[in-house]
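Enquirer: Here it is, the structure, as structure tokens.
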Amino acid sequence: MSEFRAFSAPGKALLAGGYLVLDPKYEALAIGLSSRMHAVAYPYDSLQKLDKFEVRVRSRQFKDGEWRYQTSPETGFVPVSVSGSKNPFIEKVIANVFSYFQPSLDDYCNRNLLIIDIFSDDAYHSQEDSMSKYCSSRRFSFHSHKIEEVPKTGLGSSAGLVTVLTTALASFFVSDLTNNVEQYRKVIHNLSQVAHCQAQGKIGSGFDVAAAAYGSVRYRRFPPALISDLPDIGDAIYADKLAHLVDDVDWNITIKNNRLPSGLVLWMGDIKSGSETVKLVQKVKKWYDSHAPESLEVYTRLDRANCRFMDGLSALDRLYDSHDHYSSQVFESIEKNDASCQKYSEVTDIRDAVTTIRHCFRKITKESGADIEPPVQTTLLDNCQTLKGVLTCLIPGAGGYDAIAVIAAQGVDLKAQTASDERFSNVQWLDVSQADWGVRKEMDPEAYLDK
Ligand SMILES: Nc1ncnc2c1ncn2[C@@H]1O[C@H](COP(=O)(O)OP(=O)(O)OP(=O)(O)O)[C@@H](O)[C@H]1O
Ligand SMILES: C[C@@](O)(CCOP(=O)(O)O)CC(=O)O
């Protein structure tokens, strides 16, 4: 593939299954977002040195955003930084894509320099100290700090980066990938999960990578040992083991498309503080172990409520599609958010499920010291629940002080409703919505190039 080509992968919000999804026993609901990570792959170039490949990844929206790695079959495709700066996510993508495709330098003679530009949409990062600029016809924010120094909003930038970079890099080695991402989606997903786990240095559940690859999904994780049992990158058997894992092994994973109902939209409210997921997870694990067997009962209750919530959303989606009189009445009641909602089990089922989820998280918060739904968030969510058009609202992902997620009727404007309301003064509504498609080719690669 020698032309310019561009790909993008979505950010995520975990609406059900936080913490439980770390265990392959439980399912979760991950929603793909309109905020996307983009990768533009350039035509092949050549490097003077013919005994190595060089990959240049540029992320020019951030200070010093360029990483150059060299790699070769001789060294088992271990990437070596030649720019002096390291980015673990980029490094592990390079290691795994090269190990999987095993390109030979003979085949890529005079085509051994691979250049990729990364762009990320605004909602991933705080916009303070940034300047908006057009690259041809696409607009992105340019920050005056390095990527690690710019505050994140928690939409899964690393998972988006890994997934879209895996796709763009693979497109150098598979000529029909660009026009056929669907056919390679599973390979892209599996390689991205491996790279993301290795770069994180811990095993997350992988829901963020699943959403980046597939969009909105009901997700059950793979057994963590699949990845942690791989030999070290560069080991003589790494490539074989990786190929076997990516192509032949049954991951025992569930990835089923599961979108929010048509007629409803997702709002994400960023809270101007933030939480550290790793610390929250450690506290919850400690609580779980020290409170057995009641902790299992809480998880079982949470799981039932999560499933009721997910099933309720699917039922509402089917109802919307029926376009009958009853369906309009139900959606009208959500729009009004008045006493009429009580009449419809489609609405009350979902609300009851979320009430239970929130109740369980408050119990865990109290007993574990992990602020999953701390009192300030409870007040905020309770206030939010009273707004016009709100079906339900909760803390997404690991919870804490990061964000709130609201499911509301299409057409209601929460920004306008809360604009001069003190109770919402620390909420910044992000410019995102559900976009339930995963990694894909973008039709306008030139739109990313400098004017
Ligand atoms: N646009 C980008 N260009 C280069 N590297 C990036 C970019 N976006 C993210 N990264 C890499 O991902 C890291 C952030 O990953 P991390 O998993 O901590 O955050 P996140 O995925 O946005 O958040 P969360 O997991 O809470 O949703 C950055 O430090 C950087 O290494
Ligand atoms: C706590 C956990 O279940 C969810 C974390 O979600 P988020 O990064 O807060 O969106 C961890 C995980 O699934 O990787």
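Enquirer: Which one is nearest to ASP402 (Cα to Cα) among residues in region 346-373 that are surrounded by fewer than 18 Cβ atoms within 10 Å (Cβ to Cβ) and free of Cβ contacts under 8 Å to residues at least 40 places away in the same chain?
Expert: This residue is ARG362.
Enquirer: Something else: Does PHE53 satisfy the criteria of being of a type in the set (A, V, I, L, M, F, W, C) and on the phi > 0 side of the Ramachandran plot? Give the derivation first.
Expert: On the way: of a type in the set (A, V, I, L, M, F, W, C): yes; on the phi > 0 side of the Ramachandran plot: no.
No: the conditions fail for PHE53.
Enquirer: Taking region 182-215 as the region of interest, how many residues are assigned to a loop (DSSP other than H, G, I, E, B) and modelled with pLDDT under 95? Working first, answer last.
Expert: In the first step, residues of region 182-215 are kept if they are assigned to a loop (DSSP other than H, G, I, E, B); the result is 201-206, 215.
Going one step further and asking which of them are modelled with pLDDT under 95, we end up with 201-204.
Looking only at that region, the number is 4.
Enquirer: A further question follows. Among the residues of region 322-342, write down those that are touching a Ser or Thr at 6+ places or on another chain (Cβ under 7 Å) and of a type outside the set (Gly, Ala, Ser). Show your work before the answer.
Expert: Step one: filter region 322-342 for residues touching a Ser or Thr at 6+ places or on another chain (Cβ under 7 Å), giving 333, 340-342.
CYS341, GLN342 - these are the residues of region 322-342 that are touching a Ser or Thr at 6+ places or on another chain (Cβ under 7 Å) and of a type outside the set (Gly, Ala, Ser).
Enquirer: Okay, next question. Please go through region 262-291 and pick out each residue that is more than 30 Å from GLY389 (Cα to Cα) and touching an Asp or Glu at 6+ places or on another chain (Cβ under 7 Å). Outline the logic, then answer.
Expert: First, the residues of region 262-291 that are more than 30 Å from GLY389 (Cα to Cα): 276-291.
Matches in region 262-291: TRP287, HIS291.
Enquirer: Which of the residues belonging to region 145-162 are within 11 Å of ligand 2 (Cβ to nearest atom) and either among the aliphatic types (A, V, I, L, M) or in a loop (DSSP other than H, G, I, E, B) (or both)?
Expert: Listed by number, the residues that qualify are THR153, GLY154, LEU155, GLY156, ALA159.
Enquirer: Check whether at least one residue in region 433-451 is of a type in the set (Lys, Arg) and in a loop (DSSP other than H, G, I, E, B), and report yes or no. Spell out how you get there, then give the answer.
Expert: Within region 433-451, the subset of a type in the set (Lys, Arg) is 440-441, 451.
Keeping just the survivors that are in a loop (DSSP other than H, G, I, E, B) gives 451.
Within region 433-451 (the criterion being of a type in the set (Lys, Arg) and in a loop (DSSP other than H, G, I, E, B)), the answer is yes, since at least one residue qualifies.
Enquirer: Something else: Show the residue pairs meeting these rules: Cβ distance below 6 Å; 6+ apart or different chains; first residue within region 147-158 and over 21 Å from MET131 (Cβ atoms); second residue more than 6 Å from ligand 1 (Cβ to nearest atom) and at pLDDT below 90.
Expert: Note: pairs meeting the criteria are GLY154/ASP402.
Enquirer: Please work out if GLY215 is away from ligand 2 (no atom under 14 Å from the Cβ) and closer than 15 Å to ARG185 by Cα.
Expert: On the way: away from ligand 2 (no atom under 14 Å from the Cβ): yes; closer than 15 Å to ARG185 by Cα: yes.
Criteria met by GLY215.
Enquirer: Inspect region 17-38 for any residue being part of a loop (DSSP other than H, G, I, E, B) and polar (S, T, N, Q) and give the result as yes or no. Before you say what the answer is, go through the steps one by one.
Expert: Residues of region 17-38 that are part of a loop (DSSP other than H, G, I, E, B), as a first pass: 17-19, 23-27.
Keeping just the survivors that are polar (S, T, N, Q) gives none.
Within region 17-38, not a single residue is part of a loop (DSSP other than H, G, I, E, B) and polar (S, T, N, Q).
Enquirer: Check region 72-93 and report whether any residue there is within 15 Å of ligand 1 (Cβ to nearest atom), assigned to a loop (DSSP other than H, G, I, E, B) and among the aromatic types (Phe, Trp, Tyr). Explain how you work it out, then say what you get.
Expert: Residues of region 72-93 that are within 15 Å of ligand 1 (Cβ to nearest atom), as a first pass: 79, 81, 83, 85-93.
From the residues that got through so far, the ones that are assigned to a loop (DSSP other than H, G, I, E, B) too are 79, 83, 85-87.
Going one step further and asking which of them are among the aromatic types (Phe, Trp, Tyr), we end up with none.
No, because not a single residue in region 72-93 is within 15 Å of ligand 1 (Cβ to nearest atom), assigned to a loop (DSSP other than H, G, I, E, B) and among the aromatic types (Phe, Trp, Tyr).
Enquirer: Might you check whether a residue that is in contact (Cβ under 8 Å) with a residue 60 or more places away in the chain, within 16 Å of ligand 2 (Cβ to nearest atom) and among the acidic types (Asp, Glu) occurs anywhere in region 401-408? Please lay out each step first, then the result.
Expert: Step one: of region 401-408, the residues in contact (Cβ under 8 Å) with a residue 60 or more places away in the chain are 401-408.
Now restrict to residues that are within 16 Å of ligand 2 (Cβ to nearest atom): 401-406.
Checking which are among the acidic types (Asp, Glu) leaves us with 402.
Yes, region 401-408 contains at least one residue that is in contact (Cβ under 8 Å) with a residue 60 or more places away in the chain, within 16 Å of ligand 2 (Cβ to nearest atom) and among the acidic types (Asp, Glu).
Enquirer: Can you name the condition, by its number, that ASP402 falls short on among (1) under 18 Å from LEU260 (Cα atoms); (2) modelled with pLDDT under 95; (3) touching a Ser or Thr at 6+ places or on another chain (Cβ under 7 Å)?
Expert: So the condition that ASP402 fails would be (1).
Enquirer: When region 246-300 is examined, which residues are found to be within 13 Å of ligand 2 (Cβ to nearest atom) and among the acidic types (Asp, Glu)?
Expert: ASP270, GLU276 - these are the residues of region 246-300 that are within 13 Å of ligand 2 (Cβ to nearest atom) and among the acidic types (Asp, Glu).
Enquirer: Now a separate question. Restricting the search to region 309-338, which residues are over 18 Å from LEU387 (Cα atoms) and either outside any helix (DSSP H, G or I) or in the same structural domain as ILE31 (by TED's automatic domain parsing) (or both)? Full working, then the answer.
Expert: Kept after step one, since they are over 18 Å from LEU387 (Cα atoms), are these residues of region 309-338: 309-329.
If the condition is that a residue be over 18 Å from LEU387 (Cα atoms) and either outside any helix (DSSP H, G or I) or in the same structural domain as ILE31 (by TED's automatic domain parsing) (or both), then HIS323, ASP324 are the ones that fit.
Enquirer: Give the number of residues within region 278-311 that are crowded, with 17+ Cβ neighbours inside 10 Å and among the β-branched types (Val, Ile, Thr).
Expert: Of the residues in that region, 3 qualify.
Enquirer: Does region 97-110 contain any residue that is within 16 Å of ligand 1 (Cβ to nearest atom), surrounded by fewer than 24 Cβ atoms within 10 Å (Cβ to Cβ) and not assigned by TED's automatic domain parsing to the domain that holds SER295?
Expert: no
Enquirer: Tell me whether region 96-110 contains one or more residues that are in contact with a strand residue (DSSP E or B) (Cβ under 6 Å, 6 or more places away or on another chain) and within 30 Å of GLY154 (Cβ to Cβ). So that I can check it myself, show each step before the final result.
Expert: Within region 96-110, the subset in contact with a strand residue (DSSP E or B) (Cβ under 6 Å, 6 or more places away or on another chain) is 98.
If we keep only those that are within 30 Å of GLY154 (Cβ to Cβ) too, we end up with none.
No, region 96-110 contains no residue that is in contact with a strand residue (DSSP E or B) (Cβ under 6 Å, 6 or more places away or on another chain) and within 30 Å of GLY154 (Cβ to Cβ).
Enquirer: Let me ask something else. Which ones in region 60-71 are part of a loop (DSSP other than H, G, I, E, B) and under 26 Å from LEU242 (Cβ atoms)? Write out each step before concluding.
Expert: From region 60-71, those part of a loop (DSSP other than H, G, I, E, B) are 60-65; that's our starting set.
Hits for region 60-71: nothing passes.
Enquirer: Being within 14 Å of ligand 1 (Cβ to nearest atom) and in contact with a Cys (Cβ under 9 Å, 6 or more places away or on another chain) narrows it down to one residue among PHE142, PHE119; which is it? So that I can check it myself, show each step before the final result.
Expert: On the way: PHE142 fails: in contact with a Cys (Cβ under 9 Å, 6 or more places away or on another chain).
Result: PHE119 is the single residue among PHE142, PHE119 that is within 14 Å of ligand 1 (Cβ to nearest atom) and in contact with a Cys (Cβ under 9 Å, 6 or more places away or on another chain).
Enquirer: Answer with yes or no whether LEU242 is touching a residue at least 24 places away in the same chain (Cβ under 8 Å), in a helix (DSSP H, G or I) and outside the structural domain of GLY397 (by TED's automatic domain parsing). First the steps, then the outcome.
Expert: Details: touching a residue at least 24 places away in the same chain (Cβ under 8 Å): yes; in a helix (DSSP H, G or I): yes; outside the structural domain of GLY397 (by TED's automatic domain parsing): yes.
Answer is yes for this residue.
Enquirer: SER228 - would you say it is touching a helix residue (DSSP H, G or I) at 6+ places or on another chain (Cβ under 6 Å) and surrounded by fewer than 17 Cβ atoms within 10 Å (Cβ to Cβ)? Working first, answer last.
Expert: Working: touching a helix residue (DSSP H, G or I) at 6+ places or on another chain (Cβ under 6 Å): no; surrounded by fewer than 17 Cβ atoms within 10 Å (Cβ to Cβ): yes.
So SER228 fails the test.
Enquirer: Could you check region 339-429 for strands (runs of 3 or more DSSP E) lying wholly inside it with 3 or more residues that are within 26 Å of LEU280 (Cα to Cα) and within 16 Å of ligand 1 (Cβ to nearest atom)? I'd like the intermediate steps shown before the answer.
Expert: Values: elements: 390-394, 403-409, 427-429.
Of the strands (runs of 3 or more DSSP E) lying wholly inside region 339-429, those with at least 3 residues that are within 26 Å of LEU280 (Cα to Cα) and within 16 Å of ligand 1 (Cβ to nearest atom) span 403-409.
The values are calculated or read from the model by the stated rules, or taken from the named source; none is laboratory data. As the structure is a prediction and not an experimental result, all values here were calculated from the model. For neighbour counting, all protein chains shown are included, and Cβ atoms are generated from backbone atoms with ideal geometry for every residue, glycine included.
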